[in-house]
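Encoded as C-alpha cells, the structure appears first; notes follow it.
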Amino acid sequence: MIKTLLVLTSVIAASTGTGNTQPSVRVEPTSLQGPRPLQDQTKEAVIRDYLQSWKSFSAALDQNQPGLLDADFVGTARDKFAETIQQQASAGIRTQYRDVSHDLKIIFYSPEGLSIEMTDKVDYDIQVIDHDKITATQHLSARYIVVLTPAEVRWRVRVFQAVPE
Amino acid sequence: MKARLPLILCGVAAASLQLGFAQSGNMTVPKSVEAGSAFSIQTTGSGKATLLIVGPAQVLRRDVQLGESVSFTSGSLYNAGRYIAVLEAGTTPETETFDVLAATKPSELSFLAKPSRLPVGLHDAITGAVYVFDAYHNLITVPAPIAFELSSPSGAAQKHVVQTRDGEAWTAMDSTGQQGMDKFAAQLGGISSVRVVTQVPGDPCTLKMSAKQSGQQLQLSTDPVRDCNGNAVPDGTIVTFTETYRGASAIVDVPLKRGIAAVDLPIHTGATISVASGVVMGNQIGWGK
C-alpha cells in the first residue's frame, strides 16, 4: 500500500552559527528490508535523534569542540568527526554547517533491532572560516546514508556518509 | 578623442580582468576520487595560494603555487563523503565540489548475529545482518554478494547468498536439529566474520516413567528425557511427579540428573501417579489398582 508522503515540520531549530532557521523535514514512507516491524514510536525517536545529531555536529565543527559530539555520535562517525575537528584546529579553520532541508527514508531495521539505516537527501549550506575570515560559502545537496544504533536513552549515529546519487 | 576613450577603458578593463584571473587563480578538481587513492588538482594563475579540502569527515590544507598541479598522495584523503575544495587566492576564493567514494575492496564486515544461544529446530530463528566497510571504515554501498553460512559440528550447513543494498545485507537461518556449537559466518571477497551460535535441546518431547516397590517406598524414575530431535534435555530441567490419593495430592519437583529424574514416594495402594515437565505430560501409573 502506497502511503501518502508525510510532511513534517520540524520543531528542531538548526541553531548553527549562521542562523536560527528551521530545516524542513520530509519523511518518506518506510519501505523496510528485513523482518522486523518498525513501530511508529521507534521511527519518531530515530528521526528526532538524527535531526538532533545535525545540531550537535554543526556546533562541534563550528566551535572545534569534539565533546559536543558525544551525545549523538558513536563509533566510526564520532571518530571521524573528532578527527575532522582536530584537523580543522590544526589548519586554523572552522566550519559552519546549516541544514536547510531533509528528505528522510528509513530503509533497514536489522532483525535483532540493533541498527537502523536510513537515507537523507539533504540540502545544506557550508561556510568555511579561515582564521576568523569567511573564505567560502557553498550550498550543497547530497544523499547521506546514516546508520544509527540504540544507546541507553536515544539512538546514536554510527555511520554518516554522503554517497553519490 | 571621444571615440578612443571607450576603447582605452575597454582595454584597461580587459587587462584588469586578465590580471584578476591570474591573481585569483583557478582549479580543476576531479568529480570523484576513490578513498585513499592519489589524485591531483590542477591550478591556473600565478602566485601563492592556499588550498583547503573541507568535508564533515576530513579537512586538508595545502600551500600551493598557482599554475602548478597540487598532488595528494595515496592515503591523504580517505574518508568518503562530499567535499568542497576552496582555493584562497586574491579576493575571490574559488570553490568546487567533489565526492570521495568508498574504496571498492572490502576490508571489514560488521556482523551482528542473534541469538547466541537457542533451542534446536526453530524456523528462521537465527538472524544475521552485515554492513560492509573498506579499509578506512567507509561504508561500501556498491552492491556485493554476502555469503552467509551456518555450519554444525556434524558438517551440515545452510548457505544463503544475499546482495547488499546500501551497504547492508541480512538473512535468517533455521536452527538445526542437533545440539552443539554452530559457526555462523558471513563472507565477502576473502573477508569473513564468524559468530558462534550455541544450539541447546528443546523442551522434552515425551516423558515416560516407571515405578518399582522398595519396602514402603515407591521408586519412580523416568526414561532418559529427550527433545523431539532426540537430543538429551539438559540436567537441571525440572520434572514434576504428582501422587493423588483419596482426593489429596503430593507434588515433588525433581531436577534431571544424568538425563533422568527419580524420586521415592510413600506407597499408597490405589494412588495415581503422574509426571510432567513444562507443558509436556507423561504417562500415569495407578498403583495397586
For chain B, take the longest principal axis of its alpha carbons; what is the angle in degrees between that and the long axis of helix B:4-24, to the nearest 10 within 0 to 90? 40
Chain lengthening between B:Ser151 and B:Ser37 when straightened (0.36 nm per residue, less Cα-Cα): 37.2 nm
Two-decimal Rg to Rh for chain A - Kirkwood Rh, Cα set: 0.98
When only Cα pairs under 8 Å and 6 or more residues apart are kept, what is the percent relative contact order across the stretch B:83-173? 25
The alpha-carbon center of the stretch B:246-284 and that of the stretch B:78-107 are separated, in whole Å, by 76
The stretch B:209-286: relative contact order in percent, alpha carbon pairs under 8 Å with at least 6 residues between: 32
Reachable aspartates and glutamates, given that their alpha-carbon falls under 14 Å from the alpha-carbon of B:Lys212 and they are not under 8 places away in the same chain: B:Asp223, B:Asp264
Contact order normalised by residue count of chain A, Cα under 8 Å, 6+ apart, percent: 22
Suppose each label sits 7 Å from its Cα in the direction of the beta carbon; what would the B:Thr44-B:Thr269 distance come out to in nanometres? 11.7
Cross-link reach list, lysines versus B:Lys183, counting only Cα pairs under 19 Å and skipping chain neighbours closer than eight places: B:Lys114, B:Lys159
Report, to the nearest 10°, how far helix A:40-63 tilts away from the longest principal axis of the Cα atoms in chain A, using its own Cα long axis and a range of 0 to 90°. 10
Rounded to one decimal in nm, the spacing of the 7 Å Cα→Cβ label points at B:Cys228 and B:Met281 is 1.8
With θ set to phi - 60° and the Karplus curve 6.51 cos²θ - 1.76 cosθ + 1.60, what are the ³J(HN,Hα) couplings of the stretch B:232-237 in order, to the nearest whole Hz, using x for Gly and Pro? 5, 5, x, 4, x, 4
Sum -39500 (n - 2.57) across every DSSP H segment of at least 4 residues in chain B, then divide by the residue count to get the 222 nm mean residue ellipticity, nearest 500. -2500 deg cm²/dmol
Under the Karplus curve 6.51 cos²θ - 1.76 cosθ + 1.60, θ = phi - 60°, whole-Hz ³J(HN,Hα) for the stretch B:141-153, x wherever Gly or Pro sits: 9, 5, x, 8, x, 9, 9, 9, 9, 10, 10, 9, x
Mind running the shape call on the protein assembly as shown? Use the C-alpha gyration tensor, a ≥ b ≥ c as the square roots of the eigenvalues: rounded below 1.5 for a/c, prolate if a/b tops b/c, oblate otherwise. prolate
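Bear in mind these aren't lab numbers, they're just calculated from the coordinates by the rules spelled out. Keep in mind that this is a model prediction, so the values were computed, not measured. With ideal geometry, Cβ positions are generated from the backbone for all residues, glycine too; neighbour counts draw on all protein chains shown.
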